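Student: The structure follows.
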Amino acid sequence: MADRVACAAASLAIGEPLHGTAPRASAWLLVEQPGPWGAKALTESALDPALGAELERRAAAAGAKALLVKRPGRAPARNIRRAFVCSPAPASPFVEEIDLSDPAALLEVDLEAVARGERTGLGALRSGPLYLVCTNGRRDACCASLGLPVLRELEADRPDAAWECSHLGGHRYAANVVCLPDGICYGRVTAADAHDLLRQHEQGELRLEHLRGRASLAPPAQAAESFLREREGIVAVTGLSHVSSANGSSTFETSDGRRFRVEVVLTQGPERPASCGEPPEPSERFDLVSVVELESRRP
């Protein structure tokens, strides 16, 4: 049996980059479920496992992500639970908050429509963002040991905005934080980082050193955006928009009208365990090939 190596420490030790590692999601469906979760949380909790499996299946079919969430601390003494439907659509990102007496009502949600920026009509628009921290220790020990301290710090600042969530993917980058509705994913966040990360994000700025990527983009485009932001010093969330991607090359436009084509390539890196206790395997990372400034579209 493999030694119990902490995957986050092993990943950090080899300098595994964060570029292009955000979980892919065209939309998000979050279901409040207090109590313990298993490694496969949607089917291993007090939520009806058949319902959980169906929500997971529908999310996968739509390119979306379905997660369980819960408030830090003890379970609420109420029968009504909350759900959140989130769209990162650039023109109209939103978080819709739904009060549920029966979670089966979520089967009415059209996640493909949500991804296009269409509301469900089942709930009310939320005025502020949500912050998800993966704490699913049954899936990977690093998520709980590194995620919970970050969650406590975020909750101290935003009591109704910080939520524990089930497996996001990439637990070796723990602590992982997702900011919704933007779908911006951060990795290797520490409790000491949490306050500044929250403050900067709410001021419309990214923490590039922790940026895993924008979940609505494919991994090569996520990596290309990170490289371009680092090269040009663009930290504003709205300072760069994705135009198109093809064959490892992505085009972006800055808020002042400049256009860049960024090419990346996926390469193999040093070995590390992908998860705690698993045997080492080669890592993968995106390398920057080129950045080309295209002809300006400005008049």
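The values are calculated or read from the model by the stated rules, or taken from the named source; none is laboratory data. Remember, predicted model here, so these are calculated numbers, not experimental data. Methodologically, a virtual Cβ is constructed for each residue, glycine included, from the backbone with ideal geometry; neighbour enumeration extends over all protein chains shown. The area values use the complete protein model at the heavy-atom level, side chains included, leaving out ligands, DNA and RNA. Shrake-Rupley method; radii C 1.70, N 1.55, O 1.52, S 1.80 Å.
Student: So if I take the centroid of the Cα atoms in segment 261-281 and the same for segment 133-199, what is the distance between those two points in Å?
Tutor: So the separation of the two Cα centres works out to 22 Å.
Student: Can you sort THR267, THR254 by solvent-accessible area, 1.4 Å probe, largest first? Write out the running numbers ahead of the final one.
Tutor: Values: THR267 40, THR254 10 Å².
Highest to lowest solvent-accessible surface, that is THR267, THR254.
Student: What's the extension gain from ALA53 to GLU118 if we count 0.36 nm per residue and subtract their Cα-Cα distance?
Tutor: 21.0 nm
Student: Within 10 Å, at most 14 other Cβ atoms, and a DSSP state outside H, G, I, E, B define an exposed site. Report the longest part of the chain free of exposed trypsin sites (Lys or Arg not before Pro).
Tutor: So the longest stretch without any such site is 117-296.
Student: In Å², and per residue, what accessible area does the chain have when probed at 1.4 Å with the other protein chains present?
Tutor: Normalised by residue count, the accessible surface of the chain is 44 Å².
Student: Ignoring ligands, DNA and RNA, what percent of the accessible area of segment 84-132 is carbon or sulfur (1.4 Å)? It would help to have the intermediate numbers written out before the result.
Tutor: Numbers: 1090 of 2260 Å².
After summing per-atom areas, the C and S share lands at 48 percent.
Student: Let me ask something additional. With every protein chain present, what accessible area does ASP99 have (1.4 Å probe, heavy atoms only), rounded to the nearest 10 Å²?
Tutor: 110 Å²
Student: Once every DSSP H run of n ≥ 4 in the chain is given -39500 (n - 2.57) and the sum is divided by its residues, what mean residue ellipticity at 222 nm do you get, rounded to the nearest 500 deg cm²/dmol?
Tutor: Helices in the chain give a 222 nm mean residue ellipticity of -7000 deg cm²/dmol.
Student: Please find, in a Gaussian network model of the chain (springs between Cα atoms separated by less than 10 Å), the residue of GLY239, GLY52, GLY117 whose mean-square fluctuation is greatest.
Tutor: Largest GNM mean-square fluctuation: GLY239.
Student: On to the next question. Would you tell me the accessible area of ILE14, worked out with a 1.4 angstrom probe on the heavy atoms of the protein chains, in Å² to the nearest 10?
Tutor: The accessible area of ILE14 comes to roughly 50 Å².
Student: Work out from phi, with θ = phi - 60° and the Karplus expression 6.51 cos²θ - 1.76 cosθ + 1.60, the ³J(HN,Hα) of each residue of segment 170-177, listed in order in whole Hz, and give x for Gly and Pro.
Tutor: x, 5, 5, 9, 4, 7, 9, 10
Student: Going by a ≥ b ≥ c, the root eigenvalues of the Cα gyration tensor, does segment 136-284 fall in the rounded group (a/c under 1.5), the prolate group (a/b larger than b/c) or the oblate group?
Tutor: Values: a/c = 2.41, a/b = 1.23, b/c = 1.97.
It comes out oblate by the Cα gyration axes.
Student: Determine the percent antiparallel among the DSSP beta bridges restricted to the chain, to the nearest 5. Write out the running numbers ahead of the final one.
Tutor: On the way: 49 of 58 bridges.
Taking every DSSP beta bridge with both residues in the chain, the antiparallel ones total about 85 percent.
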